[in-house]
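These notes concern the structure reproduced below.
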Amino acid sequence: MANKTQGRVAERIRQTLGQLIQFEAYDPRLEGVTVMEVEIDRELKYATVYVSSLDGEGARETVLEGLEDATGFLRRELAGRVKLRHVPELRFRWDETTAYAAHIEGLLDSLDIPDEEPETDDGEPGDAE
């Protein structure tokens, strides 16, 4: 039962933070920021918020600084929009998923996989000589 509650609260926080950052946080450091995922602990006291930016990895430090500066505003707005006894403490982290996926794709592209051997008329693999 706790997992369903955690999931619902995390999703609601993700949606609300995304809207707040996109439409109501007037900090230029937060332009193009997307809330990718929110993980929340069992007690609903801490929320780890994973973010990325359209500006890519180069904006990482600027975006995280902007979010830390906006934490008070974001928690206050969350308190009014998400009905919880206690608004969780927000911890912002850079989402590494996109960079990791690009790394894996690069590794897969660099593999030198030979073509399959052509089959002979009898359906058996044959020599390509």
Quiz item: Per-residue ellipticity at 222 nm for the chain, helices alone: DSSP H runs ≥ 4 residues times -39500 (n - 2.57), over residue total, nearest 500 deg cm²/dmol?
Solution: -13000 deg cm²/dmol
Quiz item: Ranked highest first by the average count of other Cβ atoms within 10 Å around their residues, in what order do 12-18, 72-78, 94-100 fall?
Solution: 12-18, 72-78, 94-100
Quiz item: (i) 1.15; (ii) 0.92; (iii) 1.64: which one is Cα Rg over 2.2 N^0.38 Å as calculated from this entry?
Solution: (iii)
Quiz prompt | Residue-span extension gain [residue 22 to residue 76] - 0.36 nm each, minus C-alpha spacing | solution = 17.8 nm
Quiz item: Can you pull the accessible area of residue 107 for me, 1.4 Å probe, Å² to the nearest 10?
Solution: 90
Quiz item: Using a Gaussian network model of the chain with C-alpha springs under 10 Å, which one of 87, 35, 51 is most mobile by mean-square fluctuation?
Solution: 87
Practice problem: Calculate how many DSSP beta bridges within the chain are antiparallel, expressed in % of all such bridges and rounded to the nearest 5. | Solution: 55
Quiz item: What full-extension length gain, to one decimal in nm, is calculated for residue 97 and residue 4 as 0.36 nm per residue of separation minus the Cα-Cα distance?
Solution: 31.1 nm
Exercise. Please work out the average accessible area per residue across region 1-83, using the 1.4 Å probe convention, and give it in Å².
Key: 61
Self-check item: Projected label distance in nm at residue 15 and residue 42, using a 7 Å step from Cα toward the beta-carbon
Solution: 2.7
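The values are calculated or read from the model by the stated rules, or taken from the named source; none is laboratory data. If you're wondering where the values come from, they're calculated on a predicted model, not measured in any experiment. Cβ sites come from the backbone with ideal geometry, for glycine too, and all protein chains shown count toward neighbours. Ligands, DNA and RNA are excluded from the accessible area calculation, which covers all protein heavy atoms including side chains. Shrake-Rupley method; radii C 1.70, N 1.55, O 1.52, S 1.80 Å.
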